[in-house]
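What follows is a short report on a single structure.
The values are calculated or read from the model by the stated rules, or taken from the named source; none is laboratory data. Not measured: the values here are computed from a predicted model. Methodologically, a virtual Cβ is constructed for each residue, glycine included, from the backbone with ideal geometry; neighbour enumeration extends over all protein chains shown. With ligands, DNA and RNA removed, areas are computed over all heavy atoms of the protein, side chains included. Shrake-Rupley method; radii C 1.70, N 1.55, O 1.52, S 1.80 Å.
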Amino acid sequence: MFLTLKRYFGYESFRPQQREIIQHILEGGNALVLMPTGGGKSLCYQIPALMLPGLTIVVSPLISLMKDQVEALVANGIAARALNSSATEIENAIIRRECMEGKIKLLYISPERLMMELPILSDHTGISLFAIDEAHCISGWGHDFRPEYSRLGILHEQLPHVPIVALTATADKITRTDILEQLQIPDAKVFISSFDRPNLSLDVRRGLDARQKRQTILEFMNHHLNDCGIIYCMSQKNAEMMATYLCEHHITAVAYHAGLNSEERNKAQEDFINDRVQVVCATIAFGMGINKSNVRFVIHYNLPKSIENFYQEIGRAGRDGLPSDTLLFYSVADIIQLTHFAHESGQREINIERLSRMREYAEANICRRRILLNYFGEENGHDCGNCDVCKNPPQQFDGTVLIQKALSAISRTGEEITMRTTADILCGIYSPEVKTHGYANLKTYGVGRDVPLRDWNDYLLQMLQLGYVEIKYDEYNHLHITDLGNEVLYGHKRATLVVIRKEEKVPRRKLKKGELQQKLQQHLNLQITVEPIPLEDPILFEKLRRLRFELAERQGFPPYIILSDKVLHEIATVRPTTVEQFGDVSGIGEYKKQKYGQMFVNVVRQSLGLSSLSDSDESD
Ligand code: ADP
Ligand code: ZN
């Protein structure tokens, strides 16, 4: 098992649970594997596939996912193929024959295709294992339900002796039980790994308007000058707007959403995967097929509808284990919108519950990672030190007077105003709503002028989360003062608020006309730079990165498939001068050592002023 790990994948040790899972499968057991995105699920079936005698069939929901996995395996010298509609029938016939001749170890296939092919494959090939990737797609409770998945129960029915391993990053209890029932493997051993992803930083900003959010993103991007990342937006319009805005500010970005045709979407995705564009501004439609390991940040421009969605999306950052950042914006407009969606949806109660758990996360004043882990049924007992709450513990102050001002304004209108109008009245802003209803005549009009509008938005959101007001979603989203709120309003109780964190502003210069095209062009020629870690030679890193990019372009693979960022950093740090030393770098298997060793070692040698290795040296 360890030999296979080292030989094909170049790793020295297993991650937690991997060894146990592999052992269980090799002994013929069925398994359900729950691991966070980037946790290392693939190895759990790929190593058994290599060790078992026959063929492993991997069910996967998307062609792009299959492509990525197959490319990564082939790049490690492993016989893997995908059988799907993106190839011609002749190509598929060849693959089918190769399977029958025992030449293929892993076959990736969609569930509907498998239903068609199963009779032939089961008669003419020795099937050793079924791996069901993204297994939550089988469940109507999951967020990616695919009807084709629900026929997979047939596998165990027809081939009861072939072990099945189902893998997913969705830990939801109902989904879990549903997967096992539908696959007809209720006896399967369930392996739940820690969902912690300590390399992802967590940060939440609340109550910002669109302009402020854009400004914050620019500030954030100053810390990620050449890094790749994803910005998730709720609407197509926002995705477009964000992409244009970033392009105007020196950052190459593309939009990705259901409003584009498939060609445009593919191009956006390919450019991102191949490091040709820095940022994708996407609706949730983007991501499931993305295994890119060097995504360095994920931003949520809007609140996601559940913690599962959120966790899966931020999980796309930092798959290579290097530090990566996440940022979530949270506003009352999002809550209103998402509550509306939840009410309209078929599973109203569940979706409202999911949304409120998401809100609890965004509103928390305690370590955010503890909340996430707790959600997935884990308690690690300590604060993480890598979230905004841990880094800047919230400072409280006596907010009684501020809260009374706000509640009084709401009360004087007969509780017939939204949060936005409340802020307008407090700040004395003569908005259309204020004008129409004559709110400028209220005694509270302008009583909060000493506090900026932005801060009022924040305090009002805090009042909502502290339970002093409620939103009446079925009555034009007007605010209602709760019993608790009345106690504060009438002076029976004092109340605290949290001091608002102010960011320092380092705006980028806006591009002049014509500069944009030039910058885009430059970016296409340049590639990503990553902040150097101690002892690393940054110039060498750049040279290695360039070689990787050239090899990737030539071979038609994404750069991260050739070698990951992590491997490049290690090479630039340990500076191997022989192919043998190159092979010792974690993540370099036998195949990559032979294929790329000499080229990368020569770049290192050149930087150290040593002579290049020639082909004859390579064989020693
Ligand atoms: P998942 O499918 O769970 O999202 P992957 O299987 O793609 O995650 O693994 C994520 C990354 O972790 C990959 O780059 C993979 O090569 C790496 N990885 C997996 N197992 C190990 C291991 N035992 N040691 C080091 N890296 C590993
Ligand atoms: Zn924390």
- Message: With every protein chain left in place and a probe of 1.4 Å, what is the accessible surface of residue 341, to the nearest 10 Å²?
- Response: 100 Å²
- Item | Compactness of the range 189-323 as Cα Rg over 2.2 N^0.38 Å, two decimals | 1.03
- Item | Interchain or long-range residues, amide H under 5 Å from residue 132's placed H | 59, 165, 166, 167
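Within the P(r) computed for the chain, what percentage of the Cα pairs occupies the region above 46 Å?
Tail fraction, whole percent: 24.
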- Task: For 301, 445, give the ranking by accessible area with the largest first, probe 1.4 Å.
- Result: 445, 301
- Note on the structure: The simple spin-label model distance between residue 437 and residue 148, using points 7 Å out along Cα→Cβ, in nm, is 5.2 nm
- Task: Could you order 156, 340 so the one with the most accessible surface comes first? Probe is 1.4 Å.
- Result: 340, 156
- Mind checking which of 152, 18, 131 is farthest towards the positive end of the range 2-192's charge dipole, using Cβ charges of +1 (Lys, Arg) and -1 (Asp, Glu) about the Cα centre? 18
- Quick one: pull the percentage of alpha-carbon pairs in the range 2-192 with a separation above 31 Å. 10 percent
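Here are some pairs, 103/566; 67/543; 6/595; 41/543; which of them have Cα atoms lying more than 21 Å apart in this structure?
103/566; 67/543; 41/543
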- Message: For a quick check: with amide H placed at 1.01 Å from N, whose amide H comes under 5 Å from residue 228's, ignoring anything fewer than 5 positions away on the same chain?
- Response: 296
- Message: At 1.4 Å probe radius, can you tell me the per residue accessible area of the chain in Å²?
- Response: 44 Å²
- Item | For residue 493, net neighbour charge (Lys/Arg +1, Asp/Glu -1) across residues whose Cβ lies under 12 Å away | -2
- Item | Helix-only mean residue ellipticity at 222 nm for the chain, each DSSP H run of n ≥ 4 adding -39500 (n - 2.57), per residue, nearest 500 | -13500 deg cm²/dmol
- Message: Which residues does the label zone of residue 159 cover in the range 54-77, counting backbone N under 12 Å from a point 7 Å along Cα→Cβ?
- Response: 54-59
- Measure of exposure for residue 387: accessible area at 1.4 Å probe, Å² rounded to 10, is 0 Å²
- Judged on accessible area alone, 1.4 Å probe, highest first, 264, 12, 344 line up as 344, 12, 264
- Query: Given the protein chains as shown and a 1.4 Å probe, how many square angstrom of residue 234 are accessible, to the nearest 10?
  - Reply: 60 Å²
- GluC sites (Glu not before Pro) restricted to the range 72-122 and DSSP loop, no more than 12 other C-beta within 10 Å: 101
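Provide Rg over Rh for the range 538-619; use the alpha carbon set for both Rg and the Kirkwood Rh (inverse mean inverse pair distance).
Numbers: Rg = 11.6 Å, Rh = 12.5 Å.
Taking Rg over the Kirkwood Rh, I get 0.92.
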